[in-house]
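Have a look at the structure below before the remarks.
The values are calculated or read from the model by the stated rules, or taken from the named source; none is laboratory data. On a predicted model such as this, the values are computed, not experimentally measured, just so you know. Don't worry about glycine lacking a Cβ; one is built from the backbone with ideal geometry, like all the others, and counts go over all protein chains shown. Note: accessible area is taken over every heavy atom of the protein model, side chains too, but ligands, DNA and RNA are not part of it. Shrake-Rupley method; radii C 1.70, N 1.55, O 1.52, S 1.80 Å.
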Amino acid sequence: MSGKIEDTVKEVAGAAEQQWGEATDSPRHRVRGAARRYSNQASYAARDAADCIKDQVQSNPLAGLAVAAGVGVFIGFLLGRK
């Protein structure tokens with residue numbers, strides 16, 4: 001959970017830096033702020049998706065096993081083609 005909080009704080013810091021760049025007409029701060037903001041949004045979304053998948057697999061392990069087996073067969077099929 002602390003990773004999500006850290007990502008949110010960094011996202012807010014990036015938004016603040018982006019706003020500062022717009023207020024001072026500094027392209028450097030605008031770009032750095034936007035990059036920080038959007039990278040942390042992506043990180044937060046990835047952590048959230050991983051937590052959701054983890055919860056689903058813990059509540060229904062057989063379905064998780066079936067999905068993993070299906071993905072393994074699919075990748076094996078793709079690698080086995082010549």
*Mind listing whichever residues of region 32-41 are open to solvent by 50 Å² or more (accessible area, probe 1.4 Å) and closer than 30 Å to residue 55 by Cα?*
36, 37, 38, 39, 41
*Out of all the residues in region 70-81, is one or more surrounded by 14 or more Cβ atoms within 10 Å (Cβ to Cβ) and part of a helix (DSSP H, G or I)?*
no
*Restricting attention to region 1-31, which residues are small (Gly, Ala, Ser), in a helix (DSSP H, G or I) and surrounded by 11 or more Cβ atoms within 10 Å (Cβ to Cβ)?*
3, 13, 14, 15, 16, 21
*Evaluate the following for residue 61: is it more than 30 Å from residue 2 (Cα to Cα) and loosely packed, with under 14 Cβ neighbours inside 10 Å?*
no
_Index of the failed condition, residue 50 passing every other in (1) of a type in the set (A, V, I, L, M); (2) open to solvent by 60 Å² or more (accessible area, probe 1.4 Å); (3) under 26 Å from residue 11 (Cβ atoms)_ = (2)
_Please pick out the residue among 64, 76, 33, 80 that is among the small types (Gly, Ala, Ser) and touching a Gly at 6+ places or on another chain (Cβ under 7 Å)._
33
